[in-house]
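Please read the structure below before turning to the comments.
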Amino acid sequence: MATPKKALRRAITVKDIPAPTFINALAKHFKNTAAVEMPSWGDYAKTASGKELAPLNPDWYFIRAASIARKLYIRQGAGVGTLKDVYGISKDRGTRPSHHALGSGKIIRTIIHQLEKVKLVEKLPLKVGGRRISTQGRRDMDRLACKIVSEAVAVPQ
């Protein structure tokens with residue numbers, strides 16, 4: 001059985017961290033470093049056409065940006081259309097059967113453009129299409145994952 005010191009010797013990646021833990025840490029990082037800025041319309045925007053209200057969490061934009069960055073880390077080549085489907089919801093139509101409603105493309109597009117501006121995400125060649133995490137972005141996200149693991153090991157439970 002591996003000891004905690006030996007476990008830290010192998011490379012820690014984003015895939016080794018539970019999704020909610022990593023997304024919250026990355027969202028906090030985005031908010032503190034101003035890498036991602038909430039647009040002026042962010043307070044009123046719905047995240048999907050099937051939603052009735054805008055999100056209640058004031059940091060929802062940073063959480064969505066972190067979630068998109070993690071999705072692109074795990075699933076390279078995803079584009080706006082794929083992410084619209086991923087962030088879609090089951091629309092409540094009352095007594096009629098539910099249907100899938102796509103997520104907001106504007107939100108996803110603006111987040112991807114902001115992540116491209118800070119060199120976290122890059123476009124794939126035109127024939128392939130979609131986006132992927134850049135090497136610099138992969139390195140930064142893996143460093144954050146390693147920091148999360150080292151903080152968890154340092155704090156006795």
Q: Please build a GNM for the chain, connecting alpha carbons under 10 Å apart, and tell me which residue among R132, R70, R143 fluctuates the most.
A: R143
Q. Pick from L53, L26, L126: which residue has the top mean-square fluctuation in a GNM of the chain where Cα pairs under 10 Å get a spring?
A. L126
Q: Pick out which of V80, V128, V14 has the largest mean-square fluctuation in a Gaussian network model of the chain, springs linking Cα atoms closer than 10 Å.
A: V128
Q | Cβ-based net charge around G105, under 11 Å, with every Lys or Arg adding one and every Asp or Glu removing one | A | +2
Q: Take every Cα pair under 8 Å in the chain that's 6+ residues apart, average their separations, divide by the length, and report that relative contact order as a whole percent.
A: 28
Q | Ascending count of other beta-carbon atoms within 10 Å, so fewest first, for T82, T21 | A | T21, T82
Q. If you compute volume of the Cα convex hull per residue in Å³ for the structure shown, which of (1) 171; (2) 131; (3) 162 do you land on?
A. (1)
Q | lysines with Cα under 17 Å of K119, excluding same-chain neighbours fewer than 8 positions away | A | K31, K71
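Throughout, read-outs are computed from the coordinates displayed, never taken from laboratory work. Here the structure is a predicted model, which is why all the values come from computation and not from measurement. Using ideal geometry, Cβ is built from the backbone for each residue, glycine included, and neighbour counts are taken over all protein chains shown.
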